[in-house]
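Trainee: Okay, handing you the structure first.
The values are calculated or read from the model by the stated rules, or taken from the named source; none is laboratory data. This structure is a prediction, so every number in the text was calculated from the model and none was measured. Cβ coordinates were reconstructed from backbone atoms using ideal geometry, including for glycine residues, and neighbour counts include every protein chain displayed.
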Amino acid sequence: MSGLRVLAGPELTSGAESFADHTQRLGTPQSTGRALVETLVRSGLTGRGGASFPVGLKWRSVIAAKGSPVVIANGAEGEPQSHKDRLLMTTRPHLVLDGAFIAARTVHARQVVLYIGEEHKAGWSAMARALDERPEGERRIARIVGAPHRYVAGDSSAAVHLIDGGVATPTTTPPSTHERGLDGAPTLVQNVETLAHIALIARYGDAWYGSAGRRGAAGTVLITMAGGVNHPGVLEVEAGTTVEEAVAMAGGVTEPTSAVLIGGYFGAWVQAAKAWELPLDIASLQARGLSLGCGVVGLLPAARCGVCDTSRIMGYLATESSAQCGPCFFGLRALSDACSRIAERGANRDDLARLKKWAIEVPGRGACKHPDGAVMFLRSALSTFADEFAVHPAHWRQQPA
């Protein structure tokens, strides 16, 4: 494959593509209904917000549920290192809206909610202007709701709770949002990148979607290159592109790399020597016990301390707790404090042993998936930076007799 797909069109620096230019370039998508659902199933498209759930299967569930559905286009993007969703909303807003309204027609939704991070000012403005350009019938069923600047606010259940007039707090309590969500109705929550892919698949089909991809993978993915690369930012790459190939597309490394963070703060650290060959494909990474997550690929320069970066991120995740259960509010704080003591070389003698023990005990005990994601990240750090974690507490804090 040559060229881009969801980011194809005018230069990204030109800003938002107008509805007229968008329609002239791509035409009007016609495919909806059961045929489109089965096309999505065949395509293998999965969600790009982090959960990676098969899109076609989710749509089947929404259609089968009782009630008049709602569609939520999720552009919260609370991951600090990720910029793909805001770039997409800022430059290709009509592709996102196409996907949202195609979804609404297909599942027979009565309303569409654009859930956009309040801090993404350019993306918000571009989406609002684009919505004003759409046909009156689409405008009538759509509205924009601001997502608070919190890491957990992008979770689908948190989005439903906030739009319903509550607080953007995630939960894992059944039923799922696609069974009972906004106003008690079945609710289809899709990330904005996912919707952009849907808009193109509705035009060109699953075979076209699968014509891109490397090493047996299908389609393209948006990734945010961060850290020690010469040209950090958003890239659209064929699924299956290796980390090494993506780094080359980002201008190469600025200095030697010790580790790569795959998937963002709910992702995992991988030693650089093992990371270069990893394919940026959801299924391939899952087979290796990893996750593409929000699409972040962050390079850690060898001159930086992996323990210190881990401590910083764990501190952030602890402060982003939704504070609704002990494992998250107290557990993540305790893990963060222990990481901080080790990073600052002021650890208690048993801090490292506690970290390893708690990293096994915390998962599955929270009211949402926030503590699970944070601990997954920590466990990868304890493995990838095992030597550094062992050496850091070289001068143990004196314990009372």
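Trainee: Mind counting the residues in region 281-296 that are of a type in the set (A, V, I, L, M, F, W, C) and out of contact with any helix residue (DSSP H, G or I) (no Cβ under 6 Å at 6 or more places or on another chain)? Give the steps one after another, and end with the answer.
Mentor: Of all residues in region 281-296, those of a type in the set (A, V, I, L, M, F, W, C) come to 282-283, 285, 287, 290, 292, 294, 296.
Restricting the remaining residues to those that are out of contact with any helix residue (DSSP H, G or I) (no Cβ under 6 Å at 6 or more places or on another chain) gives 282-283, 285, 287, 290.
Of the residues in that region, 5 qualify.
Trainee: Determine the pairs where a residue that is buried (at least 21 other Cβ atoms within 10 Å of the Cβ), located within region 227-250, has a partner that is part of a loop (DSSP other than H, G, I, E, B) and hydroxyl-bearing (Ser, Thr, Tyr) with Cβ atoms under 7 Å apart, the partner being 6 or more residues away or on another chain.
Mentor: Cβ pairs passing all conditions: 228/254; 229/254.
Trainee: Run residue 293 past the list (1) at positive phi; (2) modelled with pLDDT of 95 or more and report the number of the one that doesn't hold.
Mentor: (2)
Trainee: Going by the structure shown, is residue 317 touching a residue at least 40 places away in the same chain (Cβ under 8 Å), of a type outside the set (Val, Ile, Thr) and in the same structural domain as residue 364 (by TED's automatic domain parsing)?
Mentor: On the way: touching a residue at least 40 places away in the same chain (Cβ under 8 Å): yes; of a type outside the set (Val, Ile, Thr): yes; in the same structural domain as residue 364 (by TED's automatic domain parsing): yes.
Yes, satisfied.
Trainee: A further question on this structure: Determine if region 333-340 includes at least one residue that is closer than 25 Å to residue 156 by Cβ and not assigned by TED's automatic domain parsing to the domain that holds residue 259.
Mentor: Quick first cut of region 333-340, residues closer than 25 Å to residue 156 by Cβ only: none.
Within region 333-340 (the criterion being closer than 25 Å to residue 156 by Cβ and not assigned by TED's automatic domain parsing to the domain that holds residue 259), the answer is no, since none of the residues qualifies.
Trainee: Restricted to region 22-57, and to residues that are among the charged types (D, E, K, R) and in contact with a helix residue (DSSP H, G or I) (Cβ under 9 Å, 6 or more places away or on another chain), which residue is farthest from residue 213 (Cα to Cα)? So that I can check it myself, show each step before the final result.
Mentor: So the first thing to find is which residues in region 22-57 are among the charged types (D, E, K, R), and the list is 25, 34, 38, 42, 48.
Those still in the list that are in contact with a helix residue (DSSP H, G or I) (Cβ under 9 Å, 6 or more places away or on another chain) too: 34, 38, 42, 48.
Values: 34: 26, 38: 21, 42: 15, 48: 16 Å.
The residue in question is 34.
Trainee: Can you find, within region 342-359, the residue that is farthest from residue 158 (Cα to Cα) among those that are without any contact (Cβ under 8 Å) to a residue 40 or more places away in the chain and in a helix (DSSP H, G or I)? Before you say what the answer is, go through the steps one by one.
Mentor: Within region 342-359, the first condition is being without any contact (Cβ under 8 Å) to a residue 40 or more places away in the chain, and the residues that meet it are 344, 350, 353-359.
Subset that is in a helix (DSSP H, G or I): 353-359.
Numbers: 353: 34, 354: 31, 355: 29, 356: 30, 357: 30, 358: 26, 359: 25 Å.
Within region 342-359, the match that is farthest from residue 158 (Cα to Cα) is 353.
Trainee: Looking only at residues in region 209-247 that are in a helix (DSSP H, G or I) and among the aliphatic types (A, V, I, L, M), which one is farthest from residue 44 (Cα to Cα)?
Mentor: 247
Trainee: Taking residue 339, is it outside any helix (DSSP H, G or I) and surrounded by 22 or more Cβ atoms within 10 Å (Cβ to Cβ)?
Mentor: On the way: outside any helix (DSSP H, G or I): no; surrounded by 22 or more Cβ atoms within 10 Å (Cβ to Cβ): yes.
Criteria not met by residue 339.
Trainee: Take residue 324 and decide whether it is out of contact with any helix residue (DSSP H, G or I) (no Cβ under 6 Å at 6 or more places or on another chain), touching a residue at least 40 places away in the same chain (Cβ under 8 Å) and of a type in the set (S, T, N, Q).
Mentor: On the way: out of contact with any helix residue (DSSP H, G or I) (no Cβ under 6 Å at 6 or more places or on another chain): yes; touching a residue at least 40 places away in the same chain (Cβ under 8 Å): yes; of a type in the set (S, T, N, Q): yes.
Yes, satisfied.
Trainee: While we're looking at this one, here's another question. Scan region 265-313 for residues that are in a helix (DSSP H, G or I), within 18 Å of residue 214 (Cα to Cα), among the small types (Gly, Ala, Ser) and touching a strand residue (DSSP E or B) at 6+ places or on another chain (Cβ under 7 Å) and jot them down.
Mentor: Scanning region 265-313 gives a single hit, 275.
Trainee: So which residues in region 314-328 are modelled with pLDDT of 80 or more and in a helix (DSSP H, G or I), if there are any at all?
Mentor: 314, 315, 316, 317, 318, 319
Trainee: Among the listed residues 90, 39, 106, identify the single one that is among the β-branched types (Val, Ile, Thr), under 27 Å from residue 124 (Cβ atoms) and surrounded by fewer than 23 Cβ atoms within 10 Å (Cβ to Cβ).
Mentor: On the way: 39 fails: under 27 Å from residue 124 (Cβ atoms); 106 fails: surrounded by fewer than 23 Cβ atoms within 10 Å (Cβ to Cβ).
Answer to the check: 90.
Trainee: While we're here: Restricting to region 141-157, give me the number of residues that are aliphatic (A, V, I, L, M) and crowded, with 21+ Cβ neighbours inside 10 Å. Before you say what the answer is, go through the steps one by one.
Mentor: So in region 141-157, the residues aliphatic (A, V, I, L, M) come out as 141-142, 144-145, 147, 152-153.
So of that shortlist, the ones also crowded, with 21+ Cβ neighbours inside 10 Å come out as 147, 152-153.
So the count comes out to 3.
Trainee: Additional query: Going by the structure shown, is residue 347 at pLDDT 90 or above, surrounded by 16 or more Cβ atoms within 10 Å (Cβ to Cβ) and of a type in the set (Gly, Ala, Ser)? Steps first, please.
Mentor: On the way: at pLDDT 90 or above: no; surrounded by 16 or more Cβ atoms within 10 Å (Cβ to Cβ): yes; of a type in the set (Gly, Ala, Ser): yes.
Taking the combined requirement at face value, the residue does not satisfy it.
Trainee: Suppose we filter 70, 41 for residues that are without any contact (Cβ under 8 Å) to a residue 24 or more places away in the chain and within 24 Å of the chain's Cα centre (by Cα); which single one remains?
Mentor: Values: 70 fails: without any contact (Cβ under 8 Å) to a residue 24 or more places away in the chain.
It is 41.
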